[in-house]
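Since the structure comes first, as structure tokens, the remarks are kept for the end.
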Amino acid sequence: MTDLEKIEDMYPQLKFWGIEVNNPHYHGCVFGTDVYINTLQDDIDWLKTALHEASHYENDSGNLTNARLVEVLRAEGYADRQSIRSFNIMFG
């Protein structure tokens, strides 16, 4: 079982998709129960992105596309911290 499959097993309600986005700043996103991960990033980034987007799925609702809103910045910060904690527990 790969490390990404372990994360997929932790979140059976989510469907993980690999997409190619030729932008070094794009890592992934979540829409409903679909999590999209940029396969042009490295393998470690896939894992961190999967955990980050799963955190958004579990904790956030609404539109997070406007990065200038304080609510979006807080949600992104929380998802970053939560994904780092989860990554370190699983793979650290």
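The values are calculated or read from the model by the stated rules, or taken from the named source; none is laboratory data. Keep in mind that this is a model prediction, so the values were computed, not measured. These area figures cover heavy atoms from the full protein model, side chains too; ligands, DNA and RNA do not enter into them. Shrake-Rupley method; radii C 1.70, N 1.55, O 1.52, S 1.80 Å.
Quick rundown of the values:
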{"quantity": "Carbon/sulfur fraction of accessible area - region 3-91, other protein chains in place, 1.4 Å, %", "calculated": "52 percent"}
{"quantity": "Accessible surface, the chain, averaged per residue in Å² (probe 1.4 Å)", "calculated": "66 Å²"}
{"quantity": "Shape box of the chain [Cα atoms, principal axes, largest first, Å]", "calculated": "39, 29, 24"}
